[in-house]
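Notes follow once the structure below has been shown.
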Amino acid sequence: MKIRKILFCLFTISMFYSCSTSKISESEISKINGTFEANSSDGNTHYNLVSLLNRKLLKDTLDDKPINMYKLKLKIIDKKHIEISTISEENEILNKKAYKFRKKNEYIILKNQNTKPILIPYVAGALDVTKLKLKTDENRNLTVLISQHRSGGAFLIPMGWSNEKKIETFKRIE
């Protein structure tokens, strides 16, 4: 009977240990912490990191604002949270928000409102899913893998879907 209890305890501990999240080392924290330009390095304004984080699908949240002047500051708070601050051209913090994340391989996968409905999905609208995966490259610039999926329909008749993956690089400022 004692052997069963000991084996049960060892099995339970091993299950919790194997299911634990991977820890982030200090070197990885120092790599991702920093200030980056909000526009991608190729000058594409469609994939602006500020607009990817503040997902408003029917209205652009950055209308009439000079989005090429924004900077973003990333700071890992703990092993499950990252703080992203939007900084204006006058170096004042406009918005600060903490996002949950999980680490998989070398990527930090943000858990930021990945799924958004547009109107009523599959009845008269679509479902939009965007996932952002962050990592730093060898030049310490921020590389973002953007995975987008959109599908929808009208009156329960599927009208189409699209899958798109894109890699954007954001230049490190500090």
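The values are calculated or read from the model by the stated rules, or taken from the named source; none is laboratory data. Predicted model, so just to flag it, every value in this text is computed and none were measured. Surface areas here come from the heavy atoms of the whole protein model, side chains and all, with no ligands, DNA or RNA. Shrake-Rupley method; radii C 1.70, N 1.55, O 1.52, S 1.80 Å.
Accessible surface comparison of 50, 123, probe 1.4 Å, protein chains only, largest first: the order is 123, 50. Counting only protein chain heavy atoms and rolling a 1.4 Å probe, the accessible areas of 101, 155 rank, largest first, as 155, 101.
Per residue, the convex hull spanned by the Cα atoms of region 100-143 measures out at 81 cubic angstrom.
Ordered from largest to smallest accessible area (heavy atoms of protein chains, 1.4 Å probe), the residues 7, 52 come out as 7, 52. Holding the Cα-Cα limit at 27 Å, pick out from 5/104; 103/166; 5/103; 31/116 the pairs that are longer than that. Beyond 27 Å between Cα atoms: 5/104; 5/103; 31/116.
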